[in-house]
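Report on the following structure.
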Amino acid sequence: MRGGAKVDWMTCTWLPDPDEWVPGSVRDLLTAVIGPVTGVEAPGMFGYEQGLKFFVTLADGVQHHVARLDWGGNHHKCRARLDMSGSACGKVMDWSPVADWIGQLWDYTLTRVDLAVDCLAGEFDVEDARDWYLSGEFHAGGRRPRHSLVGDWLDPAYGRTMEIGRRGNGKMLRAYEKGRQLGDTSSPWTRWEVELRNIDRDLPLDVLTRCDEYFVGAYRCLERILDASAERILTAQAEGEIALGKLVHHAREAYGRVVHTLRLNLDASELLDFISRPGIPKRLEKASLAGFTAAVSPAAYLREETSHESPSRGF
C-alpha cells in the first residue's frame, strides 16, 4: 500500500511589506488549504512583538489549535514567522498553494519541514532502523552519525524511538513506535520522520511538493519504506481508534459500575442525556481534524476490554 511521505510540520519566516496586513494574509492562506480558522491574540514568542494563534472548530464547537503566527519587533528586524503544526499539515491535501504563497513573500526562508511516513502494519520498524544504522546505511561522508535510543528497549511495551543525526546539524531521523506511544501496547504502527532545518543548508520550496524525493534523499535506505507506507485517511483512522480504545478502557475502569447502577433506573436515552456533555476528548481532536469518524463497535471494544480485565475484587 503506497501512501508516500507527507509534510508533518512546517515553519517559515519572511519580511512583510510595510502595507501588508500579516494576520489577514495568513488567515486567508489557512482558510484556503485547511478550512475556516479563528485567530486569537497571544503574546509574541521567540522575541517577536505580536502573536496570534489559529484554531479550527470541530464538532460541538470544540476549538483545536493548528497554527501560530508571530511578527514584528526589532529583535527579528520586523520579520514574521508562521508555524503550522502536524494537525494543520494533516489537513492540507495539496501543498502547491502553500508553496506558491510562500514564494511570493519577500525574503522568505523555510526554517523547518518535517516529512513523515507511516507503516501501520510495522512493515519497517525501529529494529530495522537499528540494523541499518549498525550496517552503515546512514553514514554521511564515511562517518557514522550520532544516534540515541529512547524508550523501553529492554522490555518493549510502551514505545521505542531511535534518533539518528542531530537537530543542531539540520537533519535528523526519528523512527518510533507511534501506536504504542498512543497507548496500544501491541500496535505494530511505526512512524519514520525526517526533520529538516535551515542549518548549513537552504530548504527549497519544492520540499513541500516533492516529499517522497526529499524523504529518501535524506538517507537512501529510506527508499525501501515508501512502498509500505499508509494512506493519510488510514493513519487518521488508526490514531483515532487507538485513542478511543484507551478512553473506553479508562471509562469502564473508573465509571463502569456507576453507569451500570444508573441503568437500573434509567432507560438508554435518559442515561446518555444524563452522563454526556458536548465536545470531543482532547486525545481525539487531532484524529477528528484529520477525518476520523468514531464508528464505534461496542462489541469489539468489549472483547478487547474483557481480554485485559483484572479479576473482580467485589465490594
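The values are calculated or read from the model by the stated rules, or taken from the named source; none is laboratory data. As the structure is a computational prediction, the values presented were derived from the model and not from experiment. Counting neighbours? That spans all protein chains shown, and the Cβs are built from the backbone with ideal geometry, glycine included.
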**Prompt:** If you check Gly136, Gly122, which single one turns out to be in contact with a strand residue (DSSP E or B) (Cβ under 7 Å, 6 or more places away or on another chain), over 30 Å from Val98 (Cβ atoms) and assigned to a loop (DSSP other than H, G, I, E, B)?
**Reply:** Gly122
**Item:** Residues located in the range 138-153, provided they are surrounded by fewer than 16 Cβ atoms within 10 Å (Cβ to Cβ) and more than 22 Å from Pro188 (Cβ to Cβ)
**Value:** His139, Ala140, Gly141, Gly142, Arg143, Arg144, Arg146, Ser148
**Item:** Selected residue [surrounded by fewer than 19 Cβ atoms within 10 Å (Cβ to Cβ), acidic (Asp, Glu) and outside any strand (DSSP E or B)] from Asp206, Asp184
**Value:** Asp206
**Asked** Does Glu163 count as out of contact with any strand residue (DSSP E or B) (no Cβ under 8 Å at 6 or more places or on another chain) and closer than 30 Å to Leu205 by Cβ?
**Response** no
**Request:** Quick one: in the range 62-109, of everything that is out of contact with any Ser or Thr (no Cβ under 6 Å at 6 or more places or on another chain) and among the basic types (Lys, Arg), which residue is surrounded by the most Cβ atoms within 10 Å (Cβ to Cβ)?
**Result:** Arg68
**Message:** So Thr57 ticks every box in (1) within 28 Å of Val194 (Cα to Cα); (2) of a type in the set (Val, Ile, Thr); (3) exposed (fewer than 15 other Cβ atoms within 10 Å of the Cβ) but one. Which box is left unticked?
**Reply:** (1)
**Asked** Just for the range 131-171: of the residues that are farther than 21 Å from Gly217 by Cβ and among the hydroxyl-bearing types (Ser, Thr, Tyr), which one is modelled with the lowest pLDDT?
**Response** Tyr158
**Asked** Which one of these does Phe124 not meet: (1) modelled with pLDDT of 95 or more; (2) not assigned by TED's automatic domain parsing to the domain that holds Tyr176?
**Response** (2)
**Item:** Qualifying strands (runs of 3 or more DSSP E) (wholly inside the range 1-102; at least 3 residues being under 19 Å from the mean Cα position of the chain (by Cα) and outside the structural domain of Cys119 (by TED's automatic domain parsing))
**Value:** 6-14, 50-57, 63-71, 80-84
**Prompt:** Residue check, Ser96 against (1) at pLDDT 95 or above; (2) in contact with a Lys or Arg (Cβ under 6 Å, 6 or more places away or on another chain); (3) polar (S, T, N, Q), all met but one. Which one?
**Reply:** (2)
**Fill in**
Here the residues within the range 26-52 that are surrounded by 18 or more Cβ atoms within 10 Å (Cβ to Cβ), in contact with a strand residue (DSSP E or B) (Cβ under 7 Å, 6 or more places away or on another chain) and closer than 21 Å to Thr109 by Cα are Val26, Arg27, Leu30, Gly44, Tyr48, Gly51, Leu52
